[in-house]
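This report concerns only the one structure given below.
Read-outs throughout are calculated quantities, based only on the coordinates presented, and are distinct from any laboratory measurement. Only a predicted model underlies this, so the values are computations on that prediction, with no experimental measurement involved. Neighbour counts run over all protein chains shown; Cβ positions are idealised from the backbone, glycine included.
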Amino acid sequence: MPKNFKTLRNKLSPESRERAHRLALKYEAEMALDELRVARDFTQEHLAKLLGVKQAAVSKMERRTDMYISTLQSIIRAMGGELKIQVVFPEGKVEINQFRKLKAAAGK
């Protein structure tokens, strides 16, 4: 008989649960755009409607390895998120803020 995930998780040691939680957070932080869309419960059709494009355009965007920041920002906003661009150096992290102008322009 199949077991529910919560039941299985509760049988893990606290250390194993913590390790699994850290791994899950790592994978959440490394999603491709199509995986993010699915994780947020959006279909390509629904996202296309929100963006004012056809479903095929969303499919094409998800396969691209290069796109305009404004396009990515529109996609993320349509899913209810906010795009932040961060640079990571050995000394620390810096958020690139020049793209806030895109936010103001897109809101007009």
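Points worth noting:
- Output for segment 33-62, where each listed residue is loosely packed, with under 11 Cβ neighbours inside 10 Å and either in contact (Cβ under 8 Å) with a residue 24 or more places away in the chain or not charged (D, E, K, R) (or both): 52, 56
- Every residue from segment 29-52 that is in contact with a Leu (Cβ under 9 Å, 6 or more places away or on another chain) and either over 30 Å from residue 8 (Cα atoms) or part of a helix (DSSP H, G or I) (or both): 33, 37
- Residue tally, condition in a helix (DSSP H, G or I), in contact with a helix residue (DSSP H, G or I) (Cβ under 7 Å, 6 or more places away or on another chain) and among the aliphatic types (A, V, I, L, M), over segment 61-98: 4
- Look at (1) without any contact (Cβ under 8 Å) to a residue 24 or more places away in the chain; (2) under 17 Å from the mean Cα position of the chain (by Cα) and you find that residue 9 fails only one, number (2).
- For the criterion of being assigned to a helix (DSSP H, G or I), loosely packed, with under 13 Cβ neighbours inside 10 Å and either charged (D, E, K, R) or touching a His at 6+ places or on another chain (Cβ under 8 Å) (or both), residue 18 passes.
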